[in-house]
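Written out below as structure tokens is the structure these notes cover.
The values are calculated or read from the model by the stated rules, or taken from the named source; none is laboratory data. Because the structure is predicted, anything quoted here is derived from the model rather than measured. Using ideal geometry, Cβ is built from the backbone for each residue, glycine included, and neighbour counts are taken over all protein chains shown. When the accessible area is computed, the model is the full protein with side chains, heavy atoms only, and any ligands, DNA or RNA have been set aside. Shrake-Rupley method; radii C 1.70, N 1.55, O 1.52, S 1.80 Å.
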Amino acid sequence: MARWVLHVDLDQFIAAVEVLRHPELRGRPVVVGGDGDPTKRGVVSTGSYEARACGVHSGQPLRTAARRCPDAVFLPVDRELYEDVSAQVMATLRGFGVVVEVLGWDEAFLAFDGDPEALAGQIRDRVRAATGLECTVGIGENKLQAKLATGFGKPAGIFRITGETWFEVLGDRPVDALWGIGAKTAKRLEGLGIGTVGELAAADPHVLAREVGPTIGPWLVLLAQGRDNSPVSDAPHVPRSRGRETTYQHDLGDWDEVRREVARLARQVARDAAGDGRKVGRVIVKVRYAPFTTRTHGRTLKTPATDADRIEEAALAALGAFTGRRPVRLLGVRAEFAR
């Protein structure tokens, strides 16, 4: 493995791209989501730092964002533009002649032997020159350390975390500061008397194996110790699933209509999966009730398939597991590919 891993994260990427296109918005709160109309249903894709200061965050309903930040400028999502700009950034990173693992539109890992701070400075300069965007670079001895270091370097900074500084930086922080631990796991650990990264690192892996699972338990301890042996890989990303979802401007109160919509989404997903040339092993249906409660149910196919009828059948079977017949504001269908 390379001596250093660098994590490059574009600062407020989508909002920053929009500000480049609309320079007059610089310094103003900008929210990107849906078709840009906060009176309609939709969710926030991202907000500028100025919008975030008002309590706006990704995944939040646009109407909530408008209440929290009434002076914000709302803009529609422009996926093609973001994909084009992201491609420019990733091409710039590959120009350094190192292994680059792309994580999404706005972040990537690089493996490097040499002076990591010097490379980080060059990365920021070249990305800015190529696109006008700012980025933060986290440096670590592995991907976990580099990823977490980025959070301490924002915005537009460089920060290093190593095994020697791990507990100095993270030891007293809550466990959900770790990449891979969410609110549910944090709450479960809290019930075991584990609240900080340092406490989790010192926990008995055998006890955690018994409490949270034989694989997850010991992994959580290694995570808290800053250990990660996953390599930086430039292999093309292979999606694990395909999905479609729709937010309705008016609640669907008729569940016959809900069934028709789930069937329609399932067939769209089947076409998407067929385009990938991969078989589907499981179908998951998401229902978001009004005002904003989300539930999911899934069905595993007896044998993996690409046939639209079978995928629709599985989706409708999953829908049948929903006992609530309350009005629906969003429906989604996701097909997970067979391994």
Inset, instruction - Looking only at the range 246-261, decide whether some residue is within 21 Å of the chain's Cα centre (by Cα) and under 25 Å from residue 135 (Cα atoms). - result: no
Inset, instruction - State yes or no: is residue 58 within 26 Å of residue 5 (Cβ to Cβ), small (Gly, Ala, Ser) and modelled with pLDDT under 95? - result: yes
Legend entry - Test for residue 98: is it touching a strand residue (DSSP E or B) at 6+ places or on another chain (Cβ under 7 Å) and farther than 30 Å from residue 231 by Cβ: no
Legend entry - Any chance residue 164 is surrounded by fewer than 17 Cβ atoms within 10 Å (Cβ to Cβ), part of a loop (DSSP other than H, G, I, E, B) and either in contact with a helix residue (DSSP H, G or I) (Cβ under 7 Å, 6 or more places away or on another chain) or acidic (Asp, Glu) (or both): yes
Inset, instruction - Just give me the residues in the range 217-230 being surrounded by 14 or more Cβ atoms within 10 Å (Cβ to Cβ) and either of a type in the set (Lys, Arg) or out of contact with any Gly (no Cβ under 8 Å at 6 or more places or on another chain) (or both), in sequence order. - result: 217, 218, 219, 220, 221, 222, 225, 227, 228
Inset, instruction - Report, by residue number, each residue of the range 20-38 that is in a helix (DSSP H, G or I) and touching a Gly at 6+ places or on another chain (Cβ under 9 Å). - result: 20
Inset, instruction - Considering only the range 13-41, state which residues are in contact with a Ser or Thr (Cβ under 6 Å, 6 or more places away or on another chain), under 17 Å from residue 79 (Cβ atoms) and of a type outside the set (A, V, I, L, M). - result: 33
Inset, instruction - Mind counting the residues in the range 276-305 that are open to solvent by 70 Å² or more (accessible area, probe 1.4 Å) and either charged (D, E, K, R) or more than 24 Å from the chain's Cα centre (by Cα) (or both)? - result: 7
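Checking the structure you have, find out if any residue of the range 252-260 is over 30 Å from residue 323 (Cβ atoms) and of a type outside the set (A, V, I, L, M).
No; the residues of the range 252-260 include none that is over 30 Å from residue 323 (Cβ atoms) and of a type outside the set (A, V, I, L, M).
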Inset, instruction - Considering every residue within the range 39-62, establish whether at least one is of a type in the set (Lys, Arg) and crowded, with 16+ Cβ neighbours inside 10 Å. - result: yes
Legend entry - Test: residue in the range 183-193 that is surrounded by 16 or more Cβ atoms within 10 Å (Cβ to Cβ) and either part of a loop (DSSP other than H, G, I, E, B) or in contact (Cβ under 8 Å) with a residue 40 or more places away in the chain (or both): no
Inset, instruction - Could you tell me whether the range 207-226 includes any residue that is touching a residue at least 12 places away in the same chain (Cβ under 8 Å), outside any helix (DSSP H, G or I) and either more than 30 Å from residue 331 (Cβ to Cβ) or not charged (D, E, K, R) (or both)? - result: yes
Inset, instruction - Only residues that are more than 19 Å from the chain's Cα centre (by Cα), under 29 Å from residue 32 (Cα atoms), of a type in the set (A, V, I, L, M) and open to solvent by less than 40 Å² (accessible area, probe 1.4 Å): list them for the range 68-98, please. - result: 72, 73, 75, 93
Inset, instruction - Please state which one of 101, 18 is surrounded by fewer than 21 Cβ atoms within 10 Å (Cβ to Cβ), among the acidic types (Asp, Glu) and modelled with pLDDT of 95 or more. - result: 101
Legend entry - Residues of the range 179-208 that turn out to be among the β-branched types (Val, Ile, Thr) and more than 24 Å from residue 152 (Cβ to Cβ), as a count: 1
Inset, instruction - Would you check which residues across the range 194-216 are among the hydrophobic types (A, V, I, L, M, F, W, C), open to solvent by 30 Å² or more (accessible area, probe 1.4 Å) and within 21 Å of residue 145 (Cβ to Cβ) and list them? - result: 202, 216
Inset, instruction - Pull up the range 231-247, narrow it to residues that are assigned to a loop (DSSP other than H, G, I, E, B) and open to solvent by 40 Å² or more (accessible area, probe 1.4 Å), then point me to the one that is modelled with the lowest pLDDT. - result: 237
Inset, instruction - Would you confirm whether any residue within the range 137-155 is of a type outside the set (A, V, I, L, M), under 19 Å from residue 49 (Cα atoms), buried (at least 19 other Cβ atoms within 10 Å of the Cβ) and within 23 Å of the chain's Cα centre (by Cα)? - result: yes
